[in-house]
1. Using only the Cα atoms of the stretch 33-157, what semi-axes does the equivalent ellipsoid have when each is the square root of 5 times a gyration tensor eigenvalue? Give whole Å, largest first.
2. If the chain between residue 93 and residue 129 were fully stretched, how many nm would it gain, using 0.36 nm times the residue separation less the Cα-Cα distance?
3. Sequence-distant or interchain residues sharing an amide H contact under 5 Å with residue 136, placed H: which?
Amino acid sequence: MRFNLPAIAILLVLATAGNAAAQKPDKKGPRRQAEVRLQVIQASSSGQGPNDAATLVPAELKTLLRFSRYTLLDAAFLRATERTEQRITVAGDILGEVEFEVQNDGQIDVKLELRRTNSLLLDTRATVKSGETVVLGASRMRDGSSGLIVLLTTKLIP
């Protein structure tokens, strides 16, 4: 059996070129890393209990919500690569998913979903500057005398 070596070489080159064209490079460039910190705070109207997170909540938000006590339930700190979904658990029974993408101007688009049992607590997106802290959610609980506040801080990793 004889093989036509020039013809085999041409087929290999064509197959390799076709495969390379099918695997297009990521147009967005290399994926960046960032640190993401979530703080989950319980706000309460009751005069009892710790008030250890009062300094974390912006004054403007305190005026709007009119709660008297702010307790840090939990904080999550993660370091991740953009465009990858990260799963977290905070405050014992709150499950979450965090995903982010770094924009050309260095700002970070963050998507966050928090659930407790079968209830959706928070499903939001925000654009955050590196090093900035934003309030992602603040809601009153069913009893009306307490609420949940979620703070998010991001930082690009060089």
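Nothing in this text is a laboratory measurement; each read-out follows from the coordinates by a stated rule. Source: prediction; values computed, not measured.
1. Calculated on Cα positions only, the semi-axes equal 26, 16, 12 Å.
2. Working: separation 36, 0.36 × 36 = 12.96 nm, distance 2.92 nm.
The residue 93-residue 129 span can extend by a further 10.0 nm.
3. Counting only residues 5 or more places away or on other chains, the set is 150, 151, 152.
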